[in-house]
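Visitor: Before we start, here is the structure in question, set down as structure tokens.
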Amino acid sequence: MSQRIASFRLWVFCGLAALAGSGRPAAAQETVASSATRNLDRLVQIVRELDERRKDTQTVVARLNVVLHDLARDRDVSLNGAYLGDAQGNLRLRLKHGESLLIDLAFRNDDVELWLPRRERFFRGTRMNVLAHGDNDLTLLALAGNAHDLFFPRAWTSRAVERRLRVDQGREFITVLEGEGPACRRVRRLALSPTQPVVDQQEILGVAGRVLGCIQYGDYRFPGPRAGESASPIYPGRLILTSRNEQRSLEMLVEELHVNTPIPASKFAVEVPEGQKILPLGESLSSTRSLWE
């Protein structure tokens, strides 16, 4: 990781110095270079903090208040929910309206299960089924719904080779790239907060840089240590997940969050109701009919 940070430091410094010093007199350029160095040190420190924040986090258990924004119909629905997730990519999301269960979704390894009790539909498929149809509402969770990416975003992935900084109208963005040579492509773009060492927004990118979904972060919590314990990591108190088609967004308000609570593997599976027909998820996603209708 130190080599990656050093590479990032050099790349950012060259960019900041060129951006800030262009067209200035020599004396002014010295001041600009000093300012660029300080800014570089701050950015590198933020990158390190983002990396460290999730390093020791293996699971997340969260209780949520949720607002489903139906942007196409200009309608909001208030829900309550629970999230379970781990660093390996497994997750379980249950959403209720009062005491009535509306959605029970699980990603377990490559398997995906979705139960919609009110519709009496149970879907089963794979992550590849979801990713093969990138315009659906499950894509964002398939790519960034794990405990790390959802609650502790950072400018890196398991297959990343480079991260780059861009300054646009005073805002700092870090782009993460995967692959080598002609196969190199952008997979993440993070907008940094101008006032805190946190991420304001994370875009998940597909082929040719197409945005597959966006997660916005806010109301960060900075919990201190409890008696006899170390401080919990900084985490967002509000997340807004918006799919690529921008027809719906899911706003999550975190009521309670715990890290590193053991989660049995069985919790990442949705129980099939007795006598319930199982529908193929891939076939359903390829249909023009929405899963929710």
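Visitor: Which of the residues belonging to segment 77-93 are farther than 16 Å from Asp137 by Cβ and either more than 18 Å from the chain's Cα centre (by Cα) or loosely packed, with under 14 Cβ neighbours inside 10 Å (or both)?
Guide: Within segment 77-93, Ser78, Asn80 qualify.
Yes or no, residue by residue, for (1) over 21 Å from Ile278 (Cα atoms); (2) small (Gly, Ala, Ser):
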| residue | (1), (2) |
| --- | --- |
| Phe107 | no, no |
| Leu114 | no, no |
| Thr126 | no, no |
| Ala132 | no, yes |
| Asn146 | yes, no |
| Phe152 | yes, no |
| Trp156 | yes, no |
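Visitor: Does segment 113-148 hold any residues that are among the hydrophobic types (A, V, I, L, M, F, W, C) and either touching a Leu at 6+ places or on another chain (Cβ under 6 Å) or closer than 17 Å to Cys214 by Cα (or both), and which are they?
Guide: Residues of segment 113-148 that are among the hydrophobic types (A, V, I, L, M, F, W, C), as a first pass: 114-116, 122-123, 128, 130-132, 138, 140-144, 147.
Matches in segment 113-148: Leu114, Phe123, Val130, Leu131, Leu138, Leu140, Leu141, Ala142, Leu143, Ala144, Ala147.
Visitor: Another question about this same structure. Taking strands (runs of 3 or more DSSP E) that fall entirely within segment 102-178, which contain at least 2 residues that are assigned by TED's automatic domain parsing to the domain that holds Leu192 and aromatic (Phe, Trp, Tyr)?
Guide: On the way: elements: 111-116, 121-126, 160-168, 171-178.
It comes to 121-126.
Visitor: Okay, next question. How many of the residues making up segment 157-190 are touching a Phe, Trp or Tyr at 6+ places or on another chain (Cβ under 8 Å), of a type in the set (A, V, I, L, M) and surrounded by 18 or more Cβ atoms within 10 Å (Cβ to Cβ)?
Guide: 3
Conditions (1) surrounded by 14 or more Cβ atoms within 10 Å (Cβ to Cβ); (2) at pLDDT 95 or above; (3) in contact with a Phe, Trp or Tyr (Cβ under 9 Å, 6 or more places away or on another chain); (4) not hydrophobic (A, V, I, L, M, F, W, C), marked per residue:
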site	(1), (2), (3), (4)
Arg238	yes, yes, yes, yes
Glu246	no, no, no, yes
Glu271	no, yes, yes, yes
Lys277	no, yes, yes, yes
Ser286	no, no, no, yes
Arg289	no, no, no, yes
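Visitor: Being among the aliphatic types (A, V, I, L, M), under 25 Å from Glu246 (Cα atoms) and modelled with pLDDT of 95 or more narrows it down to one residue among Ala132, Ala106; which is it? Please lay out each step first, then the result.
Guide: Numbers: Ala132 fails: modelled with pLDDT of 95 or more.
Ala106 is the lone residue from the list that is among the aliphatic types (A, V, I, L, M), under 25 Å from Glu246 (Cα atoms) and modelled with pLDDT of 95 or more.
Visitor: Given the criterion farther than 20 Å from Gly81 by Cα, charged (D, E, K, R), modelled with pLDDT of 95 or more and in a strand (DSSP E or B), identify the matching residue among Asp200, Asp219.
Guide: On the way: Asp219 fails: farther than 20 Å from Gly81 by Cα.
From the options Asp200, Asp219, the qualifying one is Asp200.
Visitor: If you scan segment 243-293, which residues turn out to be under 17 Å from Leu105 (Cβ atoms) and among the hydroxyl-bearing types (Ser, Thr, Tyr)? Walk me through it before giving the result.
Guide: Just the residues of segment 243-293 that are under 17 Å from Leu105 (Cβ atoms), to begin with: 243, 248-252, 263, 265-273, 276, 278-282, 284-285, 290-293.
Of everything in segment 243-293, those that are under 17 Å from Leu105 (Cβ atoms) and among the hydroxyl-bearing types (Ser, Thr, Tyr) turn out to be Ser243, Ser249, Ser266, Ser284, Ser290.
Visitor: A further question on this structure: Regarding segment 253-262, can at least one residue be identified that is without any contact (Cβ under 8 Å) to a residue 24 or more places away in the chain and of a type in the set (D, E, K, R)?
Guide: no
Visitor: Quick test for you: out of Glu251, Glu178, pick the one residue that is within 27 Å of Arg42 (Cβ to Cβ), out of contact with any Leu (no Cβ under 7 Å at 6 or more places or on another chain) and not hydrophobic (A, V, I, L, M, F, W, C).
Guide: Numbers: Glu251 fails: within 27 Å of Arg42 (Cβ to Cβ).
Every option except Glu178 fails the conditions.
The values are calculated or read from the model by the stated rules, or taken from the named source; none is laboratory data. No experiment lies behind these values; they were computed from the predicted model shown. So basically every Cβ, Gly included, is an ideal-geometry build from the backbone, and we count neighbours across all protein chains shown.
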